[in-house]
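As structure tokens, the structure follows; a few thoughts come after it.
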Amino acid sequence: MTSILTPRELANTYDPQKHATGAELLHEYREAMAWVEEHPNTGPTEAAEQLDLPYGRIYNWMKGSKPDLVKTCDAASELGWFDASIQSPLGGAFINLVAAVLSGGTIAERDFAPSFVPEPEIEDDVISAIETLGLSPRQIQREERVSEIRLESQHALLGRALVALGCPTGPKNETASVELPECLTDATEDQRREFVRIYIINRGSLHRDGLAIMEQRTMSYRRELADLFRSVIDGTVTVTERRIYLPQDTVASLYFEYPMNAENT
């Protein structure tokens, strides 16, 4: 079974002081606490000597203090995220939210809070995915047709998990490092089709002669995204300097109904 998310990946969304990576600090904490459990009568001075750790650090850990990244990993574990395979319902929920972020959402650089701005036709997909992960969505009406979806709580937990899966923080433009998530390689065909459906409905713009997905990102990203489209769509998918384009006959043969109330240009 290939897990959708691992503790190491989630911990590495942190940049702790005095450690090369978050995963290194997570490993150090787990190893230290396992040793302390095996030696219940040992005080912090001896534990620090045996573990070759600073006294203040092991003292605080033995008193119940935990690094933030450990708390985050514990919360994810309680929700069952580390036990979920890519092909599971939880895996599918994460994949759908990655699609929603890449096509019309953001993850704040400062606090990792995710924000989704889906088209009305996929609002239920975003809400359902958040609920499947054991979290509570909060809907904020922004415009007549479009609402913003955030979380009631545990914002950073979900945001960091999505970053671990490949979502960027901050703006998604030509200077940002944006790639499709590696988990799509092991995803089922149905999951890839859901990813593409959400992406196209959220990002597409209907024109008289076809449908355009405007992408001010790198050419490599546009080509990678177009290849994913071609893997589940029958018809022509072309890549230009600024967009991915589906001609009218391809749009007509899509396996889902594209909303025809989109503005024609």
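The values are calculated or read from the model by the stated rules, or taken from the named source; none is laboratory data. Everything numeric here is computed off the predicted structure, so don't read it as measured data. Cβ sites come from the backbone with ideal geometry, for glycine too, and all protein chains shown count toward neighbours. Protein only, heavy atoms only, side chains kept; ligands, DNA and RNA dropped before computing areas. Shrake-Rupley method; radii C 1.70, N 1.55, O 1.52, S 1.80 Å.
A few points about this structure:
- Amide H partners (placed H, <5 Å) of residue 138, local residues excluded: 150, 151, 152
- Accessible surface of the range 101-181 [probe 1.4 Å, protein heavy atoms]: carbon and sulfur percent: 40
- Residue 12 long-range amide H proximity, modeled H, under 5 Å: 23
- Correct choice for semi-axes √(5λ) of the Cα gyration tensor in Å that was computed from the model, options [x] 29, 22, 16; [y] 36, 21, 16; [z] 42, 17, 16: [z]
- Overall form of the range 87-185 per C-alpha gyration tensor (a/c, 1.5; a/b vs b/c): rounded
- Tensor-based shape of the range 69-110 (alpha-carbon gyration tensor, a/c under 1.5 rounded, otherwise prolate or oblate): oblate
- Shape of the range 117-265, Cα gyration tensor, a/c cut at 1.5: prolate
- Between 0 and 90°, nearest 10: helix 155-164 axis offset from the chain longest Cα axis: 80
- Mean shadow area of the range 176-231 over all directions, Cα convex hull, nm²: 4.3
- For residue 140, neighbours were defined as the other residues whose beta-carbon sits under 10 Å from its Cβ, and their charges (Lys and Arg +1, Asp and Glu -1) total +2.
- Normalised radius of gyration (Cα atoms, divided by 2.2 N^0.38 Å) for the range 1-46: 1.46.
- Within the accessible area of the range 26-85 (1.4 Å probe), percent carbon and sulfur: 43
- Solvent exposure of the chain, expressed per residue, is 50 Å² of accessible area, with all protein chains present and a 1.4 angstrom probe.
- Within the accessible area of the range 197-265 (1.4 Å probe), percent carbon and sulfur: 45
- A Cβ-based charge dipole, computed about the Cα centre of the range 1-115 with Lys and Arg at +1 and Asp and Glu at -1, lands at about 300 debye.
- Farthest towards the positive end of the charge dipole of the range 1-123, among the residues 101, 113, 82, is the Cα of 113, using unit charges on the Cβ of Lys, Arg, Asp and Glu.
- A DSSP coil position with no more than 10 other Cβ atoms inside 10 Å describes the following trypsin sites (Lys or Arg not before Pro) in the range 165-233: 208.
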